[in-house]
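One structure is given here, and the rest of the page talks about it.
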Number of protein chains: 2
Amino acid sequence: MDARLTIALDAMGGDKAPQMVIDGADIARIRYPSVSFLLFGDEQRLAPLLDAKPRLKAACTVVHAEEVVTGDAKPSVALRTGRRSSMRLAIEAVREGQAAGVVSAGNTGALMAMSVVVLRTLAGISRPAIASFFPTRRGETVMLDLGANIECDVDNLVQFAVMGEVFARTVLGLQQPTIGLLNVGAEELKGHEELRLAAARLRASSLPIQFHGFVEGDDIGAGTVDVVVTDGFTGNIALKTAEGTAKLYAEFLRGAFRASWLAQLGYLLARRGLNKVRKRTDPRRYNGAMFLGVNGIVVKSHGGTDGFGFANAVGVAVDMAANRINDKIRDELAGLGATPANSQAATG
Amino acid sequence: MDARLTIALDAMGGDKAPQMVIDGADIARIRYPSVSFLLFGDEQRLAPLLDAKPRLKAACTVVHAEEVVTGDAKPSVALRTGRRSSMRLAIEAVREGQAAGVVSAGNTGALMAMSVVVLRTLAGISRPAIASFFPTRRGETVMLDLGANIECDVDNLVQFAVMGEVFARTVLGLQQPTIGLLNVGAEELKGHEELRLAAARLRASSLPIQFHGFVEGDDIGAGTVDVVVTDGFTGNIALKTAEGTAKLYAEFLRGAFRASWLAQLGYLLARRGLNKVRKRTDPRRYNGAMFLGVNGIVVKSHGGTDGFGFANAVGVAVDMAANRINDKIRDELAGLGATPANSQAATG
């Protein structure tokens, strides 16, 4: 990072807010010394927390917000009644150019709805998608959509592929990221009609996209492609199934090491490597879901995370801003307009 | 098991068939001494394999089949051209009452298509589902459909719930198995229309079903419910994502224990507990997917499994036959006919 960046933080979002947000900002401050923060929330609750961290306080400007969007508020209700909420004001700071991006650990549906209303979508994107990283054998894979859109049409899927590709190229720095469409088999005839049409469109595309074809659920962990594209229903199920499986495995392991004093000693001897595994699979490391397609940088942190996890979500926003991701998606989408939309010819 | 059972085996299905099938049958023979086998396949290839295992040979009758359904054959093609295949003849043995069930590690789509054509579906079931076990924190969960039906309507989902419930009660021996519908959130308003209508129908049902409501991807590993019901697209993605995640985790762990000689020693000390984890998560232990809703017992083994895995699939067929699962599904479905189909009233 060369230039100074300001990131807006919804200080009141998340199970353990505002303390967790303050802790996270403090970790992020050390990692990104040139970043400053706009903190939106209850001034009276934030003041003592910041007084305890004078260096963070120096990097922060507090903007009072008297309302909080609750975790169970319906997006439509939050939109109507949350105009003075910390979440809404933090998003508006991005629209007003006061912040380069916003991070919130609050209600996902409300954050997406407010982001779209306040910031709009990028030209050429009908619906934004939620994207996040997954650990894989080869490193990391980006998957989208993870739950913003329960049903997706062919256009949505193609747009997700473009956004994922640009993200992998610019933020992850991959020269030629490969893209896969999540399906129940690799053969061309498998799956829903929408998937087959989207695949045909991506194959025929004149974009510089390395379309791998269909991938299956086990290709996510194998790292078969750099970007996995799917609808929000399937993506959400896959994300949570993977999280649940990792959790189960970790629990089984803990049991194994507690089984006897010999096993406990074994754990101590192998601790170094085991800690590496824990780090590699730590969900906090992958915290920070990006709302790709919104005309502004919006990152959703897991609501139950701690300061370490929240700092990682701030890092995602910083990376996206520093790499000017939205300018690049815009450029690529302009190219998509020139693509022959010959999906029917290719699949008929 | 009291009575003698005969199970038909497709000796030619699977990557390492017929040797793998013979190995599996030999393990199953020891586990189930009262079971005998009808082996369908190439007599000339099977004869020397059986000669090497005289005790298995005594429990087997070989039925020559000159054709084999290949792994990449389309179901429609297999149906037309595979009339003299080992798979088809093995299924026909169930229809003719010569076998209580059939196990094949061959082409899944062909096996399902042939099963439906030869055996038909149970009265009241429009489409069969593929069901299998998952390891969970609490023990085991049954999930269906894992890929037979890419798109499912409300009737299909309700029927899957009934079949899963009967299975959990009769084969797993659970008194009051709980049923969950896989969705992207637990709230009533989440997900596809079909899911909401199916939930309303199950809630209003007069069946003795313990309907838990919606569950999410991480509830699978957590064992929140005994039976997870979903469409075949989502189920297949969830199954393979879980498999891929477990594989990734296991690979990370192997790396950790190989990192140093201290870590290797640590592994040796903790080996006993770690072997237990390996056993609990061994995919071969969960091998044997049931085609529930077919009017006859059909079990699909993973194509890449070994004799140990195939023997487990045979065990699934034996359990289903011994528990007369299809008679019980039939009884429950008769009750379903008497259910007020007030899904509209409940969700309108």
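For B:Gly266, are the conditions met, namely being at the interface with chain A (Cβ under 9 Å from one of its Cβ atoms), surrounded by 23 or more Cβ atoms within 10 Å (Cβ to Cβ) and either outside any helix (DSSP H, G or I) or small (Gly, Ala, Ser) (or both)?
Yes; evaluated as a whole, the condition is true for this residue.
Going through B:Gly164, B:Gly109 one at a time, which residue ends up being under 30 Å from A:Ala250 (Cβ atoms), part of a helix (DSSP H, G or I) and either under 16 Å from the mean Cα position of the chain (by Cα) or in the same structural domain as B:Asp218 (by TED's automatic domain parsing) (or both)?
From the options B:Gly164, B:Gly109, the qualifying one is B:Gly164.
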Checklist outcome for this item: Out of (1) of a type in the set (Asp, Glu); (2) touching a strand residue (DSSP E or B) at 6+ places or on another chain (Cβ under 6 Å); (3) away from chain B (no Cβ under 14 Å), the one A:Asp145 does not meet is (3)
Checklist entry - Can you tell me how many residues in the stretch A:280-295 are in a loop (DSSP other than H, G, I, E, B), touching a strand residue (DSSP E or B) at 6+ places or on another chain (Cβ under 8 Å) and either buried (at least 24 other Cβ atoms within 10 Å of the Cβ) or within 13 Å of chain B (Cβ to nearest Cβ) (or both)? => result 2
Checklist entry - Within the stretch A:220-235, how many residues are within 7 Å of chain B (Cβ to nearest Cβ) and either buried (at least 24 other Cβ atoms within 10 Å of the Cβ) or of a type in the set (Asp, Glu) (or both)? => result 4
Next on the checklist: One residue is enough: does the stretch B:29-38 have a residue meeting the conditions closer than 15 Å to B:Asn287 by Cβ and touching a residue at least 24 places away in the same chain (Cβ under 8 Å)?
Outcome noted: yes
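Restricted to the stretch B:250-263, and to residues that are among the hydrophobic types (A, V, I, L, M, F, W, C) and within 29 Å of the chain's Cα centre (by Cα), which residue is farthest from the other protein chains (Cβ to nearest Cβ)?
Looking at residues that are among the hydrophobic types (A, V, I, L, M, F, W, C) and within 29 Å of the chain's Cα centre (by Cα), I get B:Ala250.
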Checklist entry - When you go through B:Gly173, B:Gly213 one by one, which is the residue that is closer than 21 Å to B:Asp155 by Cβ, outside any helix (DSSP H, G or I) and among the small types (Gly, Ala, Ser)? => result B:Gly213
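Take the conditions within 24 Å of the chain's Cα centre (by Cα), under 25 Å from B:Arg120 (Cβ atoms) and of a type in the set (S, T, N, Q) and apply them to B:Ser86. Does it pass?
yes
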Checklist outcome for this item: Selection over the stretch B:151-185 where residues are surrounded by fewer than 19 Cβ atoms within 10 Å (Cβ to Cβ) and within 11 Å of chain A (Cβ to nearest Cβ) yields a count of 2
Next on the checklist: With the structure loaded, tell me whether A:Arg29 is touching a Phe, Trp or Tyr at 6+ places or on another chain (Cβ under 8 Å) and not hydrophobic (A, V, I, L, M, F, W, C) or whether it fails that test.
Outcome noted: yes
Checklist entry - Just to be sure, is A:Val118 more than 23 Å from A:His192 (Cβ to Cβ) and at pLDDT 95 or above? => result yes
Item to check | Single match in B:Lys240, B:Lys276, B:Lys247 (criterion: buried (at least 19 other Cβ atoms within 10 Å of the Cβ), in a helix (DSSP H, G or I), basic (Lys, Arg) and facing chain A (nearest Cβ under 7 Å)) | outcome: B:Lys240
Checklist entry - Of B:Leu50, B:Leu89, which residue is of a type outside the set (Phe, Trp, Tyr), assigned to a helix (DSSP H, G or I) and in contact with a Phe, Trp or Tyr (Cβ under 9 Å, 6 or more places away or on another chain)? => result B:Leu89
Checklist entry - What about B:Asp306, is it surrounded by fewer than 19 Cβ atoms within 10 Å (Cβ to Cβ), modelled with pLDDT of 90 or more, outside the structural domain of B:Arg169 (by TED's automatic domain parsing) and among the acidic types (Asp, Glu)? => result yes
Item to check | Pair list, Cβ under 8 Å, 6 or more apart: the stretch B:150-162 residue touching a residue at least 12 places away in the same chain (Cβ under 8 Å), other residue assigned to a helix (DSSP H, G or I) and of a type in the set (Phe, Trp, Tyr) | outcome: B:Ile150/B:Phe233; B:Glu151/B:Phe233; B:Cys152/B:Phe160
Next on the checklist: Please go through (1) in contact with a Gly (Cβ under 8 Å, 6 or more places away or on another chain); (2) within 14 Å of another protein chain (Cβ to nearest Cβ); (3) touching a residue at least 12 places away in the same chain (Cβ under 8 Å) for B:His212 and return the number of the only condition it doesn't satisfy.
Outcome noted: (2)
Checklist entry - Only one of A:Ser36, A:Ser76 is among the hydroxyl-bearing types (Ser, Thr, Tyr) and either loosely packed, with under 14 Cβ neighbours inside 10 Å or touching a Phe, Trp or Tyr at 6+ places or on another chain (Cβ under 6 Å) (or both); which? => result A:Ser76
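The values are calculated or read from the model by the stated rules, or taken from the named source; none is laboratory data. Model, not experiment: these values are computed from the prediction. With ideal geometry, Cβ positions are generated from the backbone for all residues, glycine too; neighbour counts draw on all protein chains shown.
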